[in-house]
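Just so you know, all these numbers are worked out from the coordinates, no wet-lab data involved. Keep in mind that what you see is a predicted model, and the values were worked out from it rather than measured. Backbone-built Cβ (ideal geometry, glycine too); neighbour counts: all protein chains shown.
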Amino acid sequence: MQEWLGGALALGLALLWLLAAPSIRKYISGGKCTSTAKLNGKVVVITGANTGIGKETARDLAGRGARVILACRDMEKAEAAANEIRTKTGNQQVIAKKLDLADTKSIREFAENFLKEEKELHILINNAGVLLCPYSKTVDGFEMQFAVNHFGPFLLTFLLIERMKESAPSRIVNVSSLAHCLARIRFEDLQGEKSYHRGLAYCNSKLASILFTRELARRLQGTRVTANALHPGSIVSELGRHLTILIFLGKLLTFFLKTPQEGAQTSVYCAVAEELESVSGKYFSDCKPAYVWPQGCDDETAKKLWDVSCELLGIQWD
Ligand SMILES: NC(=O)c1ccc[n+]([C@@H]2O[C@H](COP(=O)([O-])OP(=O)(O)OC[C@H]3O[C@@H](n4cnc5c(N)ncnc54)[C@H](OP(=O)(O)O)[C@@H]3O)[C@@H](O)[C@H]2O)c1
């Protein structure tokens, strides 16, 4: 009798799961960009577009007819992704270019070549990122996560901004994270030399991305260039590569995480949605405005971070 009851209960639970699974999956997949905007004649740059969210964002925008430049550090992976996107979308205007955000020389070379080769830039998606890498410094002496997730995109945007103003209306999309909720900008130890916690370093770099967006949007008022930040959700991607447990959890919990295509939706939304044409300085998640934690709304810190970033990068950006 007990065995029979146990069996019936297990069967009931399995049935319940089968019935509920599609709704749970739909909920997890999150917001979807429903805009059908076409991008023929538009030029797009996406950093870190050889895999994950960046590759899916590139595929979507290429499918809308844009000329898409995949700005990546590994040219073999970048060419493979560009080839795949060209085949899938039939758009031959998908080009791989070398960009290592951990090296200001590489960023300058990328921008110099881009400005020589492309007359316009309508959409810049600062997507590339690193998570939880062990402590290391870039060739320029910056802590790796803060360099790739903040200083690199900051310098790249600086070098391309005039072309974006000339091409306006144009949009800058910064892929940040909900992780900013745990963060603080540690001006007293920006390179993590006194103490380094790889989790907090990631959070801090993503807060920097939100503060950068905020200050950038303020400075771009009246130029018809907008800047918005976003949280893409929790996605199965290669981002957890520096921590074995994350790779394991990613495989175990795949059902409860977004696919890269689902994770790309908010980036695509910020890049193309008609209703965002003049929206700037905002933060989105699941294709709608999202809550920014107080440290992400601190204008004084945003200004200070701007000045410190300029100083450390040796640039003047008024
Ligand atoms: N996955 C998530 O759950 C999640 C959540 C919140 C926010 N995000 C953010 O979403 C963005 C995309 O992440 P993802 O999940 O798609 O991760 P991913 O699959 O690891 O892709 C990251 C991309 O960034 C590139 N990259 C890393 N370091 C670089 C460098 N120094 N120079 C140029 N490119 C570099 C990687 O290139 P290689 O392939 O050569 O390494 C890769 O193309 C990141 O900014 C991340 O912080 C992701």
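Assorted remarks:
- Anisotropy class of region 32-312 from Cα gyration tensor, a/c 1.5 cut: rounded
- When the P(r) of region 89-199 is calculated, the portion above 16 Å amounts to 65% of the C-alpha pairs.
- Think of it as helices only: each DSSP H run of n ≥ 4 in the chain is worth -39500 (n - 2.57), and spread over all residues that comes to -14500 deg cm²/dmol at 222 nm.
- Axial C-alpha extent at least 18 Å, average Kyte-Doolittle at least 1.6 - helices from the chain (DSSP): none
- Across Lys77/Lys206; Lys55/Lys282; Lys32/Lys206, pairs whose alpha-carbon gap is larger than 29 Å: none
- Computed from the C-beta positions of Val139 and Lys77, the FRET efficiency with R₀ = 22 Å rounds to 0.60.
- Using the Cβ of Thr89 as centre and a radius below 10 Å, the other residues enclosed give a net charge of +2, where K and R count +1 and D and E count -1.
- Computed FRET value (nearest 0.05) for Arg241 with His197, which takes r as the C-beta separation and R₀ as 22 Å: 0.75
- Cα centre as origin, Lys/Arg/Asp/Glu Cβ charges: the chain dipole, Debye: 600 debye
- Listed residue (Asn174, Ile245, Ile185) projecting farthest to the positive dipole end of region 173-274, Cβ model: Ile185
- Structure remark: mean-square fluctuation, Gaussian network model of the chain, C-alpha springs under 10 Å; the largest value among Ala273, Ala62, Ala201 belongs to Ala273.
- Whether region 188-241 is rounded, prolate or oblate, judged on the alpha carbon gyration tensor where a/c under 1.5 counts as rounded: oblate
- Under 15 Å, Cβ to Cβ, from Asp299 - net charge with Lys/Arg +1 and Asp/Glu -1: +2
- The length gained on full extension between Arg108 and Cys310, counted as 0.36 nm times the residue separation minus their Cα-Cα distance, comes to 71.3 nm.
- Antiparallel %, DSSP beta bridges [both residues in region 32-312], to 5: 10 percent
- Over all other residues within a Cβ to Cβ distance under 15 Å of Ile172, the charged ones net out to +4, with Lys and Arg as +1 and Asp and Glu as -1.
- Going from the residue with the fewest nearby Cβ atoms within 10 Å to the one with the most, Asp318, Asp60 rank Asp318, Asp60.
- Nearest-0.05 FRET efficiency for Ala20 and Arg218, computed from C-beta distance (R0 51 Å): 0.65
- Between the residues Gln295, Pro22, Val268, the greatest Cα displacement towards the positive end of the dipole of the chain, with unit charges on the Cβ of Lys, Arg, Asp and Glu, is found for Pro22.
- Over the C-alpha atoms of region 1-80, the Rg to Rh ratio, Rh being the Kirkwood estimate, stands at 1.36.
- Taking His122, His150, His242 in turn, the Gaussian network model of the chain (Cα-Cα springs below 10 Å) assigns the largest fluctuation to His242.
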